[in-house]
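The values are calculated or read from the model by the stated rules, or taken from the named source; none is laboratory data. In this text the structure is predicted, and so the values were computed from the model without any measurement. Methodologically, a virtual Cβ is constructed for each residue, glycine included, from the backbone with ideal geometry; neighbour enumeration extends over all protein chains shown.
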Amino acid sequence: MTLVLGLESSCDETAAAVVDHTGRVLSNVIASQHDLHAEYGGVVPEIASRAHVERISPVVEQALQQAGVTGTNIDAVAVGHRPGLVGSLVVAVSGAKALAWAWGVPIVGVDHVHAHLAVASLSVPGNDAAAVAYPSIGLVVSGGHTSLYSVESPLVMHRLGATIDDAAGEAFDKAAVMLGLGFPGGPAIDRAARQGQVAADALPLPKVGADAPLSFSFSGLKTALLYAVRGQPRRVDGKVTFERDFGDMPEQQRNDLAATFEHVVVHTLIDRMTRALHVMRDNGQRVEHAILGGGVTANTFLRQRADQWADEHELQLHLPSMDLCVDNAAMIAGLAHHQLAAGQVDDLSLAAHATGSV
Ligand code: KG4
Ligand code: ZN
């Protein structure tokens, strides 16, 4: 048996996990920092990196303990080293180097976005992963990314389209601030939307240029929501003010806007996946599986719609279990097993990068 310890600290989750060569997750420890960033309505990079430094050692210890192993049982240390906040990434990268050096094992640098799609082949207790057939269509929807892939194998992914402005999760987070629903916004919008009614015409469907039909854009939708909540902006004494604040809007109306916003985002995601599927099938690719990953895949409505969509298009759908949707280190260790098998290992010069591989 080969065991990989994975580390992850690219944004506001400090995580460590132990995964074996079959994709079985022996432990998956995630320390989230949501409480530290809530009052700012978004992740503050300086606060995030300091918190990672405090948490990384206890998180690693817990992950080893829960897996019932010690450092001597670990065959490689994997780390998400791109993309992300550099000040955050360097914490797990430095930790991984120290452990790999101390234990005399290889270090494997993993692309965080690609790793979100590697969850499809992980087994967690009570949830055995079904085998993935390639090529599959992949969608990563998270706080930092909204990207569509033609997934040729766990190691070969061709990006077909991505957001040209905000990521879907970022849009959820900003929308929640506008509606006064708190941080992180995705789960808050999800809860509010369950109490609301979709008003089809209240918000526009995002449009993208005919030259980039597989791309996404959420910034116009965000602005439309801002105006729907606060009215038209006016300039008074050189300052921009609005007609009203979210507190002036009855709760039911805010829930309805949350439901409508969620509906538009999910509709857009499903629409682009459909277009991408047609492109792949028209190119002669036999696509029978779809893999979704990233924090936004925790969304109740997206999970329902993705299920229906997969049925309509005769696809086997791989949706992560809830604890593998958000940032975690099991996905990092999972992808690292494939890299190790292909001889892709790094050395102690491994660097952190803000941008990812495409
Ligand atoms: O994958 P992730 O943990 O971090 C990044 O790699 O960015 O994704 C975090 C994002 C946040 O924007 C959060 O609001 C969103 O995932 N999210 C959700 C839900 N749960 C988390 N968005 C919609 N509905 C949810 N239930
Ligand atoms: Zn992520």
Here is a list: HIS52, HIS81. Which entry is of a type outside the set (Gly, Ala, Ser), in a helix (DSSP H, G or I) and within 16 Å of ligand 2 (Cβ to nearest atom)? HIS52
For the stretch 177-220, the count of residues that are more than 22 Å from ARG159 (Cβ to Cβ) and not charged (D, E, K, R) equals 26
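Answer yes or no: is there a residue in the stretch 318-338 that is touching a Pro at 6+ places or on another chain (Cβ under 7 Å), away from ligand 1 (no atom under 16 Å from the Cβ) and within 23 Å of LEU89 (Cβ to Cβ). Break it down into steps so the answer makes sense when it comes.
Restricting attention to the stretch 318-338, the residues satisfying the condition of being touching a Pro at 6+ places or on another chain (Cβ under 7 Å) are 335, 338.
Retained after the next criterion (residues that are away from ligand 1 (no atom under 16 Å from the Cβ)): 338.
Add one more test, that the residue is within 23 Å of LEU89 (Cβ to Cβ), and what stays is 338.
Within the stretch 318-338, one or more residues are touching a Pro at 6+ places or on another chain (Cβ under 7 Å), away from ligand 1 (no atom under 16 Å from the Cβ) and within 23 Å of LEU89 (Cβ to Cβ).
Within the stretch 211-250, how many residues turn out to be under 30 Å from VAL279 (Cα atoms), touching a residue at least 40 places away in the same chain (Cβ under 8 Å) and either part of a helix (DSSP H, G or I) or acidic (Asp, Glu) (or both)? Quick ask: steps written out before the conclusion?
Our first condition is that a residue be under 30 Å from VAL279 (Cα atoms); within the stretch 211-250, this holds for 211-222.
Of the ones still in play, those that are also touching a residue at least 40 places away in the same chain (Cβ under 8 Å) are 212-219, 221-222.
Checking the rest, the ones that are also either part of a helix (DSSP H, G or I) or acidic (Asp, Glu) (or both) come to 219, 221-222.
The number of residues fulfilling the criteria is 3.
Would you be able to say whether some residue in the stretch 71-80 is surrounded by 22 or more Cβ atoms within 10 Å (Cβ to Cβ), modelled with pLDDT of 95 or more, within 16 Å of ligand 1 (Cβ to nearest atom) and closer than 14 Å to LEU350 by Cβ? Lay out the reasoning, then the answer.
Filtering the stretch 71-80 down to residues surrounded by 22 or more Cβ atoms within 10 Å (Cβ to Cβ) leaves 76-80.
Subset that is modelled with pLDDT of 95 or more: 76-80.
Filter again for within 16 Å of ligand 1 (Cβ to nearest atom), leaving 79-80.
Within this subset, residues satisfying the condition of being closer than 14 Å to LEU350 by Cβ are 79-80.
Checking the stretch 71-80: at least one residue is surrounded by 22 or more Cβ atoms within 10 Å (Cβ to Cβ), modelled with pLDDT of 95 or more, within 16 Å of ligand 1 (Cβ to nearest atom) and closer than 14 Å to LEU350 by Cβ.
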When residues of the stretch 119-147 are filtered for being part of a strand (DSSP E or B) and more than 16 Å from ligand 1 (Cβ to nearest atom), how many remain? 5
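In the set VAL93, VAL151, which member is β-branched (Val, Ile, Thr), away from ligand 2 (no atom under 15 Å from the Cβ) and in contact with a Phe, Trp or Tyr (Cβ under 7 Å, 6 or more places away or on another chain)?
VAL151
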So for the stretch 230-251 (the condition being over 30 Å from SER147 (Cβ atoms), charged (D, E, K, R) and touching a strand residue (DSSP E or B) at 6+ places or on another chain (Cβ under 7 Å)), does at least one residue qualify? yes
Select from the stretch 275-317 the residues that are within 16 Å of ligand 2 (Cβ to nearest atom) and part of a helix (DSSP H, G or I) and write down the one among them that is farthest from PHE183 (Cα to Cα). LEU302
